[in-house]
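Right, one structure below, let's go through it.
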Ligand code: AMP
């Protein structure tokens, strides 16, 4: 059975790596020919809206899924009459627009920060008054990893932020002085089975995920997050994996955004949970029984950004699991990740801090004296 995947990035690659042992095959669609997933699996290369490529994808695949949010709606419109798409295109459309996403959170009574749509400088000025300062001006579409965002700390920043982002649909939202960030990963199958992974605690730097530690033991937060993700999934009659990212402030969740796909904060589940988010996404969209989402030990996942530390240095770390996505280096680019698993949360946190320090300073693999 062949699964079609639109987008052949590292998420697609890890889906394929999880699916081959189950006897599944994959066919990707991507505009680039050199991709992380294309190194593993056949890929149709060209425009995402090319009717002949979409027809071929539909003809050869039992179900079509995606590995990124920005799949053009037009591609899904063309595919929908021909092949089953999971997760549902409506969830994707909502996640593609930060305003619709926030409106959905409100509709489903999921707490989120104050926000307003902004299309003119006057509307921005108005929004900074009604919502207050500081705030964050974001593009409604195509933003990711903190790109397309400007923090407005005082009235003096308004003109500059408008100049940088102004000529598109925007959202202005309250800046949340959060204590920390978490995410929940839910999975719901075509058989209606629902499960969540243990809560992830996420450390971002410059808007990009740097480290995830899981399970993050915060039972009340986890119960609330589980309720929220379930509500979103039921709303869409959702099939597959969905992640919601939250700010935590004074012991309460504030929803930031959702991702209708497997998520970077769930990479630790490959080695750190009984069944990975990638395998469970495939099981869910195929109507196979879900696997247990239970954690095995205490995991930390660190993204490798910009350049890869020497492979031998990473592999000299006891028990470290390396994932190299096969991408060429570029400043800030996600090139891979590593996961370590420890027997206690305390040991895990110490290990993660040490690894992060040494990866950041590029001293991993050198003698202690050089650190
Ligand atoms: P996003 O692309 O919205 O996930 O933003 C990336 C990161 O920027 C978040 O994970 C936060 O660390 C930070 N950020 C985004 N929006 C806000 C906000 N309203 N208040 C505080 N920090 C934010």
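Observations on the structure shown:
- For the stretch 61-80, the set of residues classified as buried (at least 16 other Cβ atoms within 10 Å of the Cβ) and either in the same structural domain as residue 323 (by TED's automatic domain parsing) or over 22 Å from the mean Cα position of the chain (by Cα) (or both) consists of 61, 78, 79, listed by residue number.
Residues checked against (1) closer than 16 Å to residue 11 by Cα; (2) not in a loop (DSSP other than H, G, I, E, B):
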| site | (1), (2) |
| --- | --- |
| 319 | no, no |
| 326 | yes, no |
| 331 | no, no |
| 336 | yes, yes |
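- Hits in the stretch 279-290 (condition: out of contact with any helix residue (DSSP H, G or I) (no Cβ under 6 Å at 6 or more places or on another chain) and in a loop (DSSP other than H, G, I, E, B)): 287, 288, 289
- In the stretch 103-110, the count of residues that are surrounded by 14 or more Cβ atoms within 10 Å (Cβ to Cβ), outside the structural domain of residue 13 (by TED's automatic domain parsing) and farther than 16 Å from residue 242 by Cβ is one or more.
- Residue, farthest from the ligand (Cβ to nearest atom), within the stretch 191-206, restricted to residues that are on the phi < 0 side of the Ramachandran plot and surrounded by fewer than 18 Cβ atoms within 10 Å (Cβ to Cβ): 191
- In the stretch 164-173, residue modelled with the lowest pLDDT [restricted to those that are farther than 13 Å from residue 125 by Cα and surrounded by fewer than 18 Cβ atoms within 10 Å (Cβ to Cβ)]: 167
- Failed item in (1) outside any loop (DSSP other than H, G, I, E, B); (2) in contact with a helix residue (DSSP H, G or I) (Cβ under 9 Å, 6 or more places away or on another chain); (3) crowded, with 20+ Cβ neighbours inside 10 Å, with residue 352 passing the rest: (2)
- Flag if residue 209 is closer than 20 Å to residue 68 by Cα and crowded, with 22+ Cβ neighbours inside 10 Å: yes
- Here the strands (runs of 3 or more DSSP E) wholly within the stretch 75-189 that include at least 3 residues being more than 16 Å from the ligand (Cβ to nearest atom), closer than 29 Å to residue 251 by Cα and touching a helix residue (DSSP H, G or I) at 6+ places or on another chain (Cβ under 7 Å) are 180-188.
- Count - residues of the stretch 227-245 that are touching a strand residue (DSSP E or B) at 6+ places or on another chain (Cβ under 7 Å) and closer than 14 Å to residue 108 by Cβ: 8
- Checking the stretch 239-258 against the condition returns a match, with at least one residue being away from the ligand (no atom under 16 Å from the Cβ), over 29 Å from residue 340 (Cα atoms) and surrounded by 15 or more Cβ atoms within 10 Å (Cβ to Cβ).
- Some residue of the stretch 308-323 being assigned by TED's automatic domain parsing to the domain that holds residue 184 and under 28 Å from residue 239 (Cα atoms): yes
- Options 198, 177; residue that is at pLDDT 95 or above, under 23 Å from the mean Cα position of the chain (by Cα) and farther than 30 Å from residue 336 by Cβ: 177
The values are calculated or read from the model by the stated rules, or taken from the named source; none is laboratory data. Just so it is clear, the model here is predicted, and its values are computed rather than measured. Cβ: placed from backbone, ideal geometry, glycine included. Neighbour counts: every protein chain shown.
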